[in-house]
Amino acid sequence: MEASKRQPEPALEAKGISKAYGGIVVLDDVSLTFGRGEVHALIGENGAGKSTLMKILGGYVEPSAGELILNDARVRFSGPRQAEAAGIVLVHQEILLAPHLSIAENIFLGRELHYGLFTDDGAMRQQASSLLASLGSRLDPRSTVADLSIAERQLVQIARALSSRHSFVIFDEPTAALTPVESETLFAVIEALRQRHCGVIYISHRLDEVKRLADRVSVLRDGQLVHSGPARELSPTDMAHLMVGRALGDLYPHKAKSEAAPVVLEVQDLNVAGRVQGASFTLRQGEVLGFAGLIGAGRTELFEGLFGLRKASGQVACDGHRGSVFASVNQAASCGLAYVTEDRKGRGLLLEKSLAQNLTLSRLQQFVRFGLIDNAKEHSALNRAVQRFDIRAPRLDIDAGRLSGGNQQKLLLAKTLLSDPRIVVIDEPTRGVDIGAKQQIYKLIAELAAAGKAVVVISSEMPELIGLCHRIVVMRQGRIAGLLTGDQINERAIVTLATGTEQQAA
Amino acid sequence: MKMTALFQRLNLRQSAPFLALVLLIALGSLVHPNFLTYSNLVQNVAARTAFIAIIAIGATFVMASGGLDLSVGSMAAFTAGAMILFLKSYEADGGALLIAEGMVLAVVVGLLCGLFNGLVVTWGRIEPFIATLGSMVILRSLFTWLANGGSLSISPDLKDIYAPVYTGNVFGLPIPVLVVLVVGAVAALVLYKTPFGRHVLAVGSNEEVARYSGIAIWRVKLLTYVIQGLCVAIAVILYVPRLGSANSATGLYWELQAITAVVVGGTLLKGGRGRIWGTLAGAFFLEIIGNILTLSNVNVYLIGAVQGAIIIIAMLIQRGLYRREI
């Protein structure tokens, strides 16, 4: 075992791979060897070229120069199906499933099992079911994908990848949407793949995961390979330094004290049918209140209910409003509340519209003169936002979809904060965001609190909650399971409350 | 060097419908000496384009927001029928004032039809395709009932008073062309420069993002159908004086022509992008094809087939343009 780990047979080799899009080089002469039976982590900031390299290996993109060698033979993929036929499968970071089809139909989409002329639904359901079971999930293969949470959809994608014959599995940030418990299941799957002598290529921003899982670590920066070596020689801090190319300060800003500040929001007995039951909490001025819990615990639903984005009942009291939950985002905004969705691409930004149009979308009335939109005013607002939030774009007239994940997130924050809300709810503030942007977002959250705003952070990353929040509400199965403050805040306490493994007085 | 810079500035995607129009006009002038004349191109073709062009401007709003209105042809027939019936029943003491009242009635009918479509789509949450398919059938049937299965006409005297609205010229431009330009200018201002227009594009681009941004989606959608109704009414006001009557052929296939003009003009069928001037170019483009074919003595029964083929080719070219940058 140890011997095979040290000297894996070179099975998949990238030789001198380069890729340029219209003159912009995203990969520059990268050579890497991926062995079978090892977990090879690929790390780098957003825009470093990881995803492009993965897409080349997975057959989605053809390289501008260089070659791929699989089992000593040169291969060329002109599409993902050819790569799949060669045993290389890619688990996408984005959810690429047909929402109205069932889980089983999605898993076998494009390569349905058939029985003469007809699809063999029974066999597909059975195989889907056993695949899901091997991933530790008890999802019914007949359920519709549209009804699943993001984490559950991610599991379906993994099941889909593993349903074809595979010798290499590429995971592109698989845990970005998963809770710690779900991540553990995935890690077990990866370990099983390694035992079965599969090659695993693993992309993640979570360096502690990389440290734990990987045999080898390769670091990309600005399209170039800057390091490749055994994982045991690198600490997560070393990895971060290699990625960024400079030393990082403390990831989390200093937590300012928040005591005895007035309550700015009081929510009582909030219910969302089937999702949230009897949730009550208070929010104080100048604090960062965390919401922890497993996926499906009802955190997002609670706040979507509060903001009138789904049907909900309950009592709300804040400056300017006393009564039932808000009827619409607009009503909440007029009381100084703003919500940043976890689904940046699907619900937060218009990816095919310009940065300025995205920035001002929910506050257009501020930019109107004589009934018409004042473009000059809009552009000066964009310039200010780019300055304040450090949004990095090659040009300011590009579409939002062309920004990297971190810069999209900063644009979304800028859009939401344009109304200068007193209460900001940020759902998964750093999902799919590189470490440099993460640090900036953490600093921004701390600054908001220091400026007297009240901030709610919903997150599935426990270090983030622990590093940022003054108090943490933990939810479990639609109910508030407990509240942690001060010294009580630690991973163990959160997991205990989130999973209900130990009885604890709330 | 200078040329390439100019070419880069010229956005090929946005200007494609207009370039196609220029090419088509160049082609037409080769085919027939009478084609490239003011009397043919402006007095004849552009004036005849007016009805479809104005309706297509309304359809640009509906489609940019992700909707669809199949009822515009029947709506035009019904509105024209209602207007003619009104004019007929008071034509004894009729004059210019009566015609003005008839125009107001047409606008009210158009707005109500649009409001109905909008409410079925938003309040009733019915797919626009189905909702407006329903109202298409309803309105066509109502018109046939009003006309008692035949046609409706205003008296020759009244027609003489009303006719200049279609045949008249102001500053050498036919009134219908002038109306198209004014409606187009107002529509472009609304779609590109007002918060409402921005909201239309946002809703068409991604309804969820619009909802999470606090936009009242139902109001935006409802208004696009009302705008469509208003545009149909304006088209009817220009249509009635042309022949002074309406019959079962009135408005037939107008919805298809309007949708074609909108899509050829660069508006996305799935919403999120709307091009008012492109729509006008698209409407003109379609009419010019017919005109060139007529001038070059192509069998009239085949004109539709050639038009259809050219539309498909135009869309293939457009798709090629949009794919390149991805």
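Assorted remarks:
- Residue selected from region A:288-338 under the condition outside any loop (DSSP other than H, G, I, E, B) and basic (K, R), by the criterion farthest from A:R479 (Cα to Cα): A:R322
- Of residues in region B:202-215 being within 7 Å of chain A (Cβ to nearest Cβ) and closer than 17 Å to B:K270 by Cα, the one surrounded by the fewest Cβ atoms within 10 Å (Cβ to Cβ): B:E208
- Of all residues assigned to region A:378-388, at least one qualifies as being without any contact (Cβ under 8 Å) to a residue 12 or more places away in the chain, over 29 Å from A:V457 (Cβ atoms) and in a helix (DSSP H, G or I).
- Residue count, region B:95-111 (criterion: touching a helix residue (DSSP H, G or I) at 6+ places or on another chain (Cβ under 7 Å) and closer than 27 Å to B:R219 by Cα): 7
- When residues of region A:126-142 are limited to those that are assigned to a helix (DSSP H, G or I) and within 29 Å of the chain's Cα centre (by Cα), the one nearest to A:E105 (Cα to Cα): A:A128
- Meets criteria (over 17 Å from the mean Cα position of the chain (by Cα), buried (at least 18 other Cβ atoms within 10 Å of the Cβ), of a type outside the set (F, W, Y) and within 14 Å of chain A (Cβ to nearest Cβ)) for B:I292: no
- Total residues in region B:83-101, condition part of a helix (DSSP H, G or I) and either aromatic (F, W, Y) or buried (at least 23 other Cβ atoms within 10 Å of the Cβ) (or both): 4
- Unmet requirement for B:W218, which otherwise passes all of (1) within 14 Å of chain A (Cβ to nearest Cβ); (2) modelled with pLDDT under 95; (3) part of a helix (DSSP H, G or I): (2)
- Residue list for region B:146-172, filter: assigned to a helix (DSSP H, G or I) and within 15 Å of B:G94 (Cβ to Cβ): B:P156, B:D157, B:L158, B:K159, B:D160, B:I161, B:Y162, B:V165
- Qualifying residue in region B:269-276 (condition: part of a helix (DSSP H, G or I) and either farther than 17 Å from B:L201 by Cα or basic (K, R) (or both)): no
- The number of residues in region A:318-339 being within 9 Å of another protein chain (Cβ to nearest Cβ) and buried (at least 23 other Cβ atoms within 10 Å of the Cβ) comes to 2.
- Residue in region B:204-224 that is closer than 30 Å to B:V45 by Cα, touching a residue at least 40 places away in the same chain (Cβ under 8 Å) and within 21 Å of the chain's Cα centre (by Cα) present: yes
- Within region A:168-208, if we keep just the residues that are over 21 Å from A:K50 (Cβ atoms) and polar (S, T, N, Q), the residue that is modelled with the highest pLDDT turns out to be A:Q195.
- So B:I237, is it of a type in the set (A, V, I, L, M), more than 14 Å from every other protein chain (Cβ to nearest Cβ) and more than 12 Å from the chain's Cα centre (by Cα): yes
- Hits in region A:274-325 (condition: of a type in the set (F, W, Y) and at pLDDT below 95): none
- Failed item in (1) free of Cβ contacts under 8 Å to residues at least 24 places away in the same chain; (2) in a helix (DSSP H, G or I); (3) not aromatic (F, W, Y), with A:S78 passing the rest: (2)
- When region A:215-254 is filtered for residues that are hydrophobic (A, V, I, L, M, F, W, C) and farther than 23 Å from A:V26 by Cβ, the ones remaining, listed by number, are A:A231, A:L234, A:A247, A:L248, A:L251.
- Verdict on B:V45 being over 10 Å from the mean Cα position of the chain (by Cα) and modelled with pLDDT under 95: yes
- In region A:349-363, the residue that is farthest from A:G401 (Cα to Cα) out of those that are facing chain B (nearest Cβ under 10 Å) and out of contact with any strand residue (DSSP E or B) (no Cβ under 7 Å at 6 or more places or on another chain) is A:R363.
- Yes/no for A:K345 being at pLDDT 95 or above and over 26 Å from A:H254 (Cβ atoms): no
- Verdict on A:G274 being more than 23 Å from A:V474 (Cβ to Cβ) and over 22 Å from the mean Cα position of the chain (by Cα): no
- Among (1) surrounded by 22 or more Cβ atoms within 10 Å (Cβ to Cβ); (2) β-branched (V, I, T); (3) away from chain A (no Cβ under 14 Å) - the single one B:I161 does not satisfy: (1)
- Residue within region B:168-189 that is over 24 Å from B:Y239 (Cβ atoms) and within 14 Å of chain A (Cβ to nearest Cβ) present: yes
- Residue that is surrounded by the fewest Cβ atoms within 10 Å (Cβ to Cβ) [pool: residues in region A:386-407 that are among the hydrophobic types (A, V, I, L, M, F, W, C) and either closer than 20 Å to A:V329 by Cβ or within 14 Å of chain B (Cβ to nearest Cβ) (or both)]: A:I398
- Scanning region A:149-169 for residues that are outside any loop (DSSP other than H, G, I, E, B) and farther than 11 Å from A:E84 by Cα gives A:I150, A:A151, A:E152, A:R153, A:Q154, A:L155, A:V156, A:Q157, A:I158, A:A159, A:R160.
- Flag for B:L222 being of a type outside the set (D, E, K, R) and out of contact with any helix residue (DSSP H, G or I) (no Cβ under 7 Å at 6 or more places or on another chain): no
The values are calculated or read from the model by the stated rules, or taken from the named source; none is laboratory data. On a predicted model such as this, the values are computed, not experimentally measured, just so you know. Cβ atoms come from the backbone with ideal geometry, glycine included; neighbour counts cover every protein chain shown.
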